[in-house]
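The values are calculated or read from the model by the stated rules, or taken from the named source; none is laboratory data. Here the structure is a predicted model, which is why all the values come from computation and not from measurement. Cβ sites come from the backbone with ideal geometry, for glycine too, and all protein chains shown count toward neighbours.
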Amino acid sequence: MDDSDHGTRRFDIEFRAVNEELQRVRHALRNWLRDIITDERRAYDVLLAVSEACTNSVEHGHRGDGRNLRLHAVADHEQVRITVIDGGTWRVHQSPPTTVRGLGLHLMRALVPEVQVRTDDNGTVVEFAAPIPA
């Protein structure tokens, strides 16, 4: 899962689009981030935002169909970039966000400085970029 190359650290994991896989993905990413971001609070913010993207992919992009998702991360001395790649079909919310549901993207953007979401016929890609504190 982890590969170091000229000061660049990489992490890749593929997982099925089912809720039971999310804990394994969070655990593996948490362990990788622990060596990348020494500020525990910042590492937790990144972990929470990425976990939300993975959960959204399972629930909304795939609706638990069990197909594969990918999470790719790369870090250098300055920043960590994480990408969640989902080949499912986007489902637009029919109701406005509530205090309980529909706030995932707002949460991700509050936790990580740079979040981009791209959706097309091939699925959804969520990209995160966060500076690594000195």
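Key figures
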read-out: Condition met for Val46 (at pLDDT 85 or above, within 12 Å of the chain's Cα centre (by Cα), assigned to a helix (DSSP H, G or I) and within 16 Å of Arg10 (Cβ to Cβ)); value: yes
read-out: All positions within the stretch 106-123 that are within 19 Å of Val58 (Cβ to Cβ), modelled with pLDDT under 90 and either in a loop (DSSP other than H, G, I, E, B) or touching a helix residue (DSSP H, G or I) at 6+ places or on another chain (Cβ under 8 Å) (or both); value: Asn122, Gly123
read-out: Filtered residue count, the stretch 81-105, keeping only those that are in a loop (DSSP other than H, G, I, E, B) and modelled with pLDDT of 70 or more; value: 3
read-out: Long-range neighbours under 7 Å by Cβ, at least six apart or interchain, first residue under 14 Å from Cys54 (Cα atoms) within the stretch 23-40, second of a type in the set (A, V, I, L, M) and surrounded by fewer than 16 Cβ atoms within 10 Å (Cβ to Cβ); value: Ala28/Met1
read-out: The stretch 107-132 - residue that is of a type in the set (Val, Ile, Thr) and out of contact with any Lys or Arg (no Cβ under 6 Å at 6 or more places or on another chain) and, of those, surrounded by the most Cβ atoms within 10 Å (Cβ to Cβ); value: Val126
read-out: Of the criteria (1) hydrophobic (A, V, I, L, M, F, W, C); (2) out of contact with any Asp or Glu (no Cβ under 7 Å at 6 or more places or on another chain); (3) at pLDDT below 95, which one Ile13 fails; value: (3)
